[in-house]
Amino acid sequence: MRMWRPANAIVVVALLMGPLAASAQLKVMISGGFSGPYEKLLPEFERTTGIKVTTSSGSSQGTGPQTIGAQLARGVPVDVVILSREGLAEQIAAHRIVPGSDVDLARTPIGVAVRSGAAKPDVTTVEAFKQVVLNAKAVAVPASTSGIFLTKEVLPRLGIADKVNVKVAPRGTGAAAMVASGEADVGLLPVSEIVHAPGVELAGVIAEEIQLNQVFAAAVVEGSKEVESAKRLIAFFASEHASAAIKGGGMEPLAK
C-alpha cells in the first residue's frame, strides 16, 4: 500500500497552514463513512489555507450511476476522493488515481443501528448476531462496501443468507433512514455513519469473527489541475490535528 507523506514537520506546517498566493478551488468527492469528521473540519481547512472546496458524494463501491467509480468513469471533474480502501483499490486498478497519492485516514467497524429509544440487542457474539438478524422483520444495509461484505460473505458463511430479509439502500444514510422510519428493525453499516444519523442509535458492533474494520482513505484523482492543493487537503485530514474530530465521529484515526 503506497501512502503519500510530507517529508518532515516543517513541511507539514507549511502545507496545512500557509495560505496560497491565489485562492485555489478544489473538488472533493466523498462517501458517507468519513463524512462526519470531514464536515466538521472542512471549514477550518478552508479558513486556514484559503483553498475553497466544493464537495459532492457517491458510494465507495457497488453498481449504479452514483458510485464514485461510475462518476469518475464518465468524466465528472474531481480533484480528491475519500472512500473505503476497497473502493479506492478499484479506482487505482482503473488508473484513475495519481500513483502514490493515497493515504489512509481512519478506520471504523460495522455497527448495528436501532431506532432511537428502541431496545438494544446483544450483538457481541456470532450466535447473538445470527439471532438478531434472523428475528428481524427486515435488516437494512448499504449497497456499498459494508453491505457487499455482509451479503456476499457473512450471511452465506453463517448459512442464513436465504433466511434474512435484507433491504439494500444505495447509501448508508438510506439504510439508517429505513431503521429510523421503522421500515427495518436493525441496520448494519459503519459505526461512523450511525453516530450522526438522525433517528437511530448505536446498539453495538458486530463480533470480530465477522467484522470488517473498514478503512477510509483519500487520494488525488488523475487529471487534477490542483495536485498540490489536493495534497494539502489530504495532509490536513491525515494529521494529528484531525484526530479528535475523527474519534468523535466514531472512527479510529490512522495518522502517522
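Derivation of every value follows stated rules applied to the coordinates shown; laboratory data play no part. Nothing here was measured: the structure is a model prediction, and the numbers come from that model. Methodologically, a virtual Cβ is constructed for each residue, glycine included, from the backbone with ideal geometry; neighbour enumeration extends over all protein chains shown.
Using θ = phi - 60° in the Karplus curve 6.51 cos²θ - 1.76 cosθ + 1.60, the 3J(HN,Hα) couplings for segment 143-149 round to 7, 8, 3, 5, x, 4, 4 Hz; x is entered for Gly and Pro.
For the chain, a Gaussian network of Cα nodes joined below 10 Å ranks ARG232, ARG171, ARG157 by mean-square fluctuation, and the top entry is ARG157. Straight Cα distances below 29 angstrom link LYS52 to the lysines LYS27, LYS40, LYS225, LYS231, LYS247, LYS256, with same-chain residues fewer than 8 positions distant left out. Secondary structure note: in the chain, about 60% of the DSSP beta bridges are antiparallel.
By the count of other C-beta atoms within 10 Å, a proxy for reagent exposure, LYS130, LYS225 are ordered fewest to most as LYS225, LYS130. Around GLU201, under 14 Å between beta carbons, what's the net of Lys plus Arg minus Asp minus Glu among the other residues? My count for the surroundings of GLU201 gives 0. Put a dot 7 Å past the Cα of ARG74, heading toward its Cβ, do the same for ILE160, and the two dots end up 3.8 nm apart.
Projecting the Cα atoms of GLN61, LEU105, THR48 onto the dipole axis of the chain, where Lys and Arg carry +1 and Asp and Glu carry -1 at the beta carbon, places THR48 farthest toward the positive end. Computed over segment 110-210, the P(r) tail beyond 18 angstrom holds 35 percent of alpha carbon pairs. In straight-distance terms, cross-link reach from LYS167 covers every one of the lysines whose alpha-carbon lies under 17 Å from its own, apart from those fewer than eight places away in the same chain; here that gives LYS130, LYS137, LYS152.
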